[in-house]
Amino acid sequence: MADWTETYRPTTLSAVRGNDKARDALRNWAERWEDHRKAAIVHGSPGVGKTSAAHALAADMGWPVMELNASDDRQADVIKRVAGEASKTGTLTAGGSGRRLVILDEADNFHGNADYGGAREVTRVVKEATQPVVLVANEFYDMSNTLRNACETIEFRDVSKRSIVPVLRDICRREGVEYDEAALEAIADSTSGDLRSAVNDLQAVAEETDRLTVEDVVTGERDRTEGIFEYLDTLLKNASAEEALKASYDVDETPDELLNWVEDNVPKEYAGGELADAYEFLSQADRWLGRVRATQEYTYWRYASDNLTAGVAASRREPKGGWTRYGPPSYWRKLGQTRSTRDRRDSIARRVADAEGTSLATARRELLPYLSAMTHHCRNRDLTVRMAAAYGLDASELSFITGSGADTNKVGSIVEDAADLVAEQAVEKGGNAFFDAGDPSPDDTGDGSETAESDETAAESGDGQVTLGATLEDAAGADGEDTVTDSEGDGSANQTDDPGSASAHDEDDGQSGLSDFF
Amino acid sequence: MFKAIVSAETLSSALDSVSVLVDECKIHLEEDGFTIRAVDPANVGMVDLSLDAAAFESYEADGGLIGVDLSRLEDIAGMAESGGLVQLELDEETRKLHIQIDGLEYTLALIDPDSIRQEPDIPDLDLPASVVLEGKDINRSVKAADMVSDHIALGVDEGEEFFYVDAEGDTDDVHLELTTTELIDLQLGPAHSLFSLDYLKDMNKAIPAAAEVTLELGEEFPIKIHYGFAEGQGQVTYMLAPRIQSD
């Protein structure tokens, strides 16, 4: 049996059902095309008659049609050759004065290599076209801004049940199928605005019985994805644990996403003890998701799902009612908002980690909070200066750690002092290197030219006279000024014995390390 | 039922003239020869080809319709040595075409004709001007125009009585005039139309240099290009829609 959606496809615009306004707009666009010469975008849900309307329009206007749809190969050069040429040439029958209609179906869907460069080429074709072009799309906003602005927009809305039923009735009469009015209504109901699905359903059901009844229709219900908002409503208001779990199978979200949704919306319904219980389950779910990530064992998803659907539903102590405004998870938005802050924190932590020989995570989690507490609002100015010098922090980074404003005089002067300190230390370090290495006649203050090379020069100038111990000591002494390695990196052990050894060096150069303050 | 023996050269030139526009086509196997009619995906160019039974060494058919992948069939025909013969036989049961070339046997799976783009109706056009010239002159015109532009104007000057080719690029122009002495024949009429060079280039590939080619032209109207091959026992008509000149 032929496909009824093809057999009963409208051949003229006036036979297009359910979208009278869009239909008239389309005809109007075509009639005025000579004046405005713009392309049209016809968009709307699947199965509401967009492509049919475009073809019917061409038939009404007597325009030959050139159609390119998603099943064709749609690389840029193909579009250029086919749609581009078609949109710039006359017709074979009437020549240059003859109009043709170029229909680009699924203009919002250009995927992968097969369509490489397709979307951009469509925009070019539309702009250069000298023939009417209709772009058919599901998602208006999936098309580029330039493309949308270059076209007139006609929206096809979902076809109402009131419009679907007469279409089905008409088809039944023409096919000689007996029917119950209620059966047709049930079909129209179940397809929610998708006329093509309704006709397909009708055909599927009609092929199995002589007379359509409501019972036939119920068995023929199609799989649909449940929207996340409907699901939240079910989950949080009155579903049992089992219902909540089963309903989640129809939701097109991964447990990670679903967790964010539930987590953000559960306090809008639950309160007190039940809310605590619900969060207990959510935290369980989150731990399972953590295990999934760590082990890549995706079978654990089931435990996450169980917790966050059935668990949350089971925590509810009494059914909820009314209407609630659920919102999308704030998790991603927050991540986005805090991006620059997190980036700055990580860049500081990276430098601290490099200097202290710890991992980035350790620096971020265990060192930064201490630094932050010690230098809170730059109250300990001396320490803050030395910290800034040690890690090479600029004003904005200093402000991030201390909590003082980045463009205040206080922070500015600290940054300046830190720069001076760095220069001074470099000089001293160079001098000490020579001195500690056992050079017989050291110039204690050092020499400007030697400064930067300190350690390396020290080893070289030692000329084999240096013992291993001397070198180590020297290195430790030099590092103590420059960084806070020992005490911060290794924790408490050093705090006790460090002051002794550190201060020994400190006396040499009059410079203490940060470690002295732990 | 279809069984034929044909020289590889004849078969190749027939297929080539169609394959410049489409990848797949329907072949009508009539009693007195076969015909192919196809239009390219953009509906801009069209080809109508007929090859008389007399062009074949032997030919038997009773009005079947087959769908073929042209590039496959061309490749197979290319296996024959020059002057070689190709034997074609249709197996109605399996819908496959058995092809024999010098002992080489190739079984070609056919395409369901219903899945191929519909054949166009040949529009009945009354084109006022007609130009008869040699294939090599077309080749020359197209080549020269291709150097400067992607479209080409063809026309007839009624006053001075010549056929002209114009191509305007962004910086360079090409102009060619052919008077009655250089043309085989010229029928005057108002004619000037712009065409896509991409298509003319493709069509030009299929036109033999020595063939006598007839162009029919009008004002902003499609062009018709006729020529014969296989010693006049095959005829090809191309039609090409004009570029729109305004803006």
### Query
Taking region B:70-106 as the region of interest, how many residues are in contact with a Ser or Thr (Cβ under 7 Å, 6 or more places away or on another chain), surrounded by 14 or more Cβ atoms within 10 Å (Cβ to Cβ) and either farther than 16 Å from B:Ser58 by Cβ or not hydrophobic (A, V, I, L, M, F, W, C) (or both)?
5
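Would you point out the residue of region B:224-244, among those that are within 14 Å of chain A (Cβ to nearest Cβ) and not in a strand (DSSP E or B), that is farthest from B:Ala206 (Cα to Cα)? Show your work before the answer.
Within region B:224-244, the subset within 14 Å of chain A (Cβ to nearest Cβ) is B:224-225, B:237-244.
Restricting the remaining residues to those that are not in a strand (DSSP E or B) gives B:241-242, B:244.
On the way: B:Ala241: 18, B:Pro242: 20, B:Ile244: 25 Å.
Of everything passing the filter in region B:224-244, B:Ile244 is farthest from B:Ala206 (Cα to Cα).
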### Task
Pairs only if they're at least six apart or on different chains, beta carbon under 7 angstrom, first in region B:107-125 and within 14 Å of chain A (Cβ to nearest Cβ), second of a type in the set (Ser, Thr, Tyr); list them, first residue then second.
B:Pro123/A:Thr93
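With the structure loaded, tell me whether A:Ala40 is in the same structural domain as A:Glu128 (by TED's automatic domain parsing), surrounded by 21 or more Cβ atoms within 10 Å (Cβ to Cβ) and either at pLDDT below 90 or part of a helix (DSSP H, G or I) (or both) or whether it fails that test. So that I can check it myself, show each step before the final result.
Working: in the same structural domain as A:Glu128 (by TED's automatic domain parsing): yes; surrounded by 21 or more Cβ atoms within 10 Å (Cβ to Cβ): yes; either at pLDDT below 90 or part of a helix (DSSP H, G or I) (or both): no.
No.
Could you tell me how many of the residues in region B:233-247 are surrounded by fewer than 20 Cβ atoms within 10 Å (Cβ to Cβ) and in contact with a strand residue (DSSP E or B) (Cβ under 9 Å, 6 or more places away or on another chain)?
The initial filter retains those residues of region B:233-247 that are surrounded by fewer than 20 Cβ atoms within 10 Å (Cβ to Cβ), namely B:233, B:235, B:237, B:245-247.
Now restrict to residues that are in contact with a strand residue (DSSP E or B) (Cβ under 9 Å, 6 or more places away or on another chain): B:233, B:235, B:237, B:245.
Adding up the residues that qualify gives 4.
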### Query
Taking region B:182-204 as the search range and keeping residues that are surrounded by fewer than 24 Cβ atoms within 10 Å (Cβ to Cβ), polar (S, T, N, Q) and over 11 Å from the mean Cα position of the chain (by Cα), which one is nearest to A:Thr91 (Cα to Cα)?
B:Ser196
### Message
So, A:Ala452, is that one over 26 Å from A:Ser340 (Cα atoms), at pLDDT below 65, surrounded by fewer than 20 Cβ atoms within 10 Å (Cβ to Cβ) and not β-branched (Val, Ile, Thr) or not?
### Response
yes
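Among the listed residues B:Leu197, B:Leu215, which satisfies the condition of being closer than 30 Å to B:Asp32 by Cα and touching a residue at least 24 places away in the same chain (Cβ under 8 Å)? Before the answer, list the steps.
Details: B:Leu197 fails: closer than 30 Å to B:Asp32 by Cα.
So the residue among B:Leu197, B:Leu215 that is closer than 30 Å to B:Asp32 by Cα and touching a residue at least 24 places away in the same chain (Cβ under 8 Å) is B:Leu215.
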### region A:1-26, residues that are touching a residue at least 60 places away in the same chain (Cβ under 8 Å), in a helix (DSSP H, G or I) and among the polar types (S, T, N, Q)
A:Thr5
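Mind listing whichever residues of region A:191-216 are within 19 Å of A:Tyr8 (Cβ to Cβ) and assigned to a helix (DSSP H, G or I)?
A:Leu195, A:Arg196, A:Ser197, A:Ala198, A:Val199, A:Asn200, A:Asp201, A:Leu202, A:Gln203, A:Ala204, A:Val205, A:Ala206
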### Message
Can you confirm whether A:Val126 is within 24 Å of A:Ser52 (Cβ to Cβ), within 14 Å of chain B (Cβ to nearest Cβ) and within 37 Å of the chain's Cα centre (by Cα)?
### Response
no
### Query
Could you say whether any residue in region B:127-144 is buried (at least 19 other Cβ atoms within 10 Å of the Cβ) and within 14 Å of chain A (Cβ to nearest Cβ)?
yes
### Query
Has region A:132-155 got at least one residue that is within 14 Å of another protein chain (Cβ to nearest Cβ) and touching a residue at least 12 places away in the same chain (Cβ under 8 Å)?
yes
### Query
Name the pairs: first residue in region A:178-198 and among the small types (Gly, Ala, Ser), second residue exposed (fewer than 15 other Cβ atoms within 10 Å of the Cβ) and not in a helix (DSSP H, G or I), Cβ to Cβ under 6 Å, at least 6 apart or on different chains?
A:Ser190/A:Glu221
### The listed residue being within 27 Å of A:Glu280 (Cβ to Cβ) and basic (Lys, Arg), out of A:Arg345, A:Arg364, A:Arg381, A:Arg293
A:Arg293
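Scan region B:87-111 residue by residue and report those that are outside any strand (DSSP E or B) and within 21 Å of B:Glu24 (Cα to Cα).
Taking region B:87-111 first, the residues outside any strand (DSSP E or B) are B:92-95, B:102-103, B:110.
Selection gives B:Glu92, B:Thr94, B:Arg95, B:Leu110.
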## Note on the structure
Going through region B:182-217 in order, the residues found to be in contact with a Ser or Thr (Cβ under 7 Å, 6 or more places away or on another chain) and small (Gly, Ala, Ser) are B:Ser196, B:Ala206
## Note on the structure
Across (1) small (Gly, Ala, Ser); (2) surrounded by fewer than 17 Cβ atoms within 10 Å (Cβ to Cβ); (3) without any contact (Cβ under 8 Å) to a residue 40 or more places away in the chain, B:Ala167 clears everything bar (2)
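Taking region B:205-237 only, how many residues are aromatic (Phe, Trp, Tyr) and under 14 Å from the mean Cα position of the chain (by Cα)? Give the steps one after another, and end with the answer.
Step one: filter region B:205-237 for residues aromatic (Phe, Trp, Tyr), giving B:221, B:227, B:229.
Now restrict to residues that are under 14 Å from the mean Cα position of the chain (by Cα): B:227, B:229.
Number of matching residues: 2.
For region A:178-193, enumerate the residues that are buried (at least 20 other Cβ atoms within 10 Å of the Cβ) and either assigned by TED's automatic domain parsing to the domain that holds A:Asn19 or of a type outside the set (Ser, Thr, Tyr) (or both). Show your work before the answer.
First pass over region A:178-193, keeping only residues buried (at least 20 other Cβ atoms within 10 Å of the Cβ): A:179, A:183-184, A:186-188, A:191, A:193.
Within region A:178-193, A:Ala183, A:Leu184, A:Ala186, A:Ile187, A:Ala188, A:Gly193 qualify.
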### Task
Identify, from the list A:Ala83, A:Ala54, the residue that is in contact (Cβ under 8 Å) with a residue 24 or more places away in the chain, assigned to a helix (DSSP H, G or I), crowded, with 21+ Cβ neighbours inside 10 Å and more than 14 Å from chain B (Cβ to nearest Cβ).
A:Ala54
## Note on the structure
Within region B:212-223, the residues that are surrounded by 19 or more Cβ atoms within 10 Å (Cβ to Cβ) and more than 8 Å from chain A (Cβ to nearest Cβ) are B:Val213, B:Leu215, B:Glu216, B:Leu217, B:Ile223
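The values are calculated or read from the model by the stated rules, or taken from the named source; none is laboratory data. Because the structure is predicted, anything quoted here is derived from the model rather than measured. With ideal geometry, Cβ positions are generated from the backbone for all residues, glycine too; neighbour counts draw on all protein chains shown.
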